[in-house]
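A.B. asks: First the structure, which I've put down as structure tokens, then a few questions once you've had a look.
Every read-out reported here was derived from the displayed coordinates using simple, explicitly stated rules and does not represent laboratory data. Since the structure is predicted, the reported quantities are computational estimates derived from the model, not experimental observations. Counting neighbours? That spans all protein chains shown, and the Cβs are built from the backbone with ideal geometry, glycine included.
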Amino acid sequence: MNDPIKTFLQNSGLQQPTFAANSRYAGLETAEWTRADGLPVRYVKQRFIPMSENFATLQEHRVEENDRLDNIAARYFSDPELYWRLCDANGAMNPVDLTVKMGRRLRITLPEGIPEPTEEL
């Protein structure tokens, strides 16, 4: 049985997002490379880790034994799949690096580009 929504999207010419909205790759361009045997291979264009000054710190989390980034993300962002925001805010290419050292302080930040809230008098 065909999915009517999928059929509609395919026939409408609307672009379906490649990645979920909460993915670190959401909004990135994709490209296609053709192998020697003619098989096309789609890939995501390179993504760079944002500069740390693009993030407003809300608080810090002190890494404890058995901490995992997905659990930390669930605690602070209510979504374990947003672990990559911790990586970006703390300049980590490899997520495991953030929880290896007990006592390390991780920045818990707003999403990139959202300024720190200011108090109005």
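A.B. asks: Which one is right for this structure if Rg/Rh (Cα atoms, Kirkwood Rh) is calculated from it: [x] 1.21; [y] 1.10; [z] 1.17?
C.D. replies: Computed from the coordinates, Rg/Rh (Cα atoms, Kirkwood Rh) corresponds to [y].
A.B. asks: On to the next question. With a 10 Å Cβ neighbour count serving as the proxy for reagent exposure, in which order, fewest first, do MET51, MET93 appear? Write down the numbers at each step before the final one.
C.D. replies: Details: MET51 10, MET93 7.
Fewest to most other Cβ atoms nearby, the residues stand as MET93, MET51.
A.B. asks: Sticking with this structure for a sec: Net charge within 15 Å of ARG24 by Cβ-Cβ distance, Lys/Arg positive one each and Asp/Glu negative one each, not counting ARG24 itself? Mind dumping the intermediate values first?
C.D. replies: On the way: positive: LYS45, ARG47, ARG85; negative: GLU29, ASP70, ASP79, GLU81, ASP88, GLU112.
Local charge sum for ARG24: -3.
A.B. asks: Work out the FRET efficiency for SER78 and TYR25 from their Cβ-Cβ distance, taking R0 = 30 Å, and round it to the nearest 0.05. Before the final figure, lay out the partial values.
C.D. replies: On the way: r = 21 Å, r/R0 = 0.68.
Rounded to the nearest 0.05, the efficiency is 0.90.
A.B. asks: Can you tell me which of LEU110, LEU28, LEU69 moves the most in a GNM of the chain? Springs connect C-alpha atoms under 10 Å apart.
C.D. replies: Of the options given, LEU28 has the highest mean-square fluctuation.
A.B. asks: Moving on to the next point. Going highest first, how would you order 79-85, 44-50 by mean Cβ packing within 10 Å? Each step should come with its number before you reach the end.
C.D. replies: Working: 79-85: 17.0, 44-50: 10.7.
Those peptides, ordered most packed to least, come out 79-85, 44-50.
A.B. asks: With a 10 Å Cβ neighbour count serving as the proxy for reagent exposure, in which order, fewest first, do THR34, THR118, THR99 appear?
C.D. replies: Values: THR34 9, THR118 5, THR99 20.
Ranked by crowding around the Cβ, least crowded first: THR118, THR34, THR99.
A.B. asks: Classify region 52-109: rounded, prolate or oblate, from the alpha-carbon gyration tensor (a ≥ b ≥ c, eigenvalue square roots; a/c under 1.5 rounded; otherwise prolate if a/b is larger than b/c)? Walk me through the intermediate numbers first.
C.D. replies: Numbers: a/c = 1.37, a/b = 1.18, b/c = 1.16.
Since a/c stays below 1.5, the shape of region 52-109 is classed as rounded.
A.B. asks: Another question, then. When the helix-only estimate is applied to the chain (DSSP H runs of n ≥ 4, each -39,500 (n - 2.57), divided by the residue count), what is the mean residue ellipticity at 222 nm, nearest 500 deg cm²/dmol? Mind dumping the intermediate values first?
C.D. replies: On the way: 3 runs with 25 residues, N = 121.
Taking each H run of at least 4 residues, the total per residue is -5500 deg cm²/dmol.
A.B. asks: Could you give the nm distance between label points at ILE114 and ARG42, where each point is 7 Å from its Cα heading toward the beta carbon?
C.D. replies: In this crude label model, ILE114 to ARG42 measures out at 2.9 nm.
A.B. asks: Check which residues have an amide H placed less than 5 Å from THR109's amide H, if you skip close sequence neighbours.
C.D. replies: Here LEU58 satisfy the definition.
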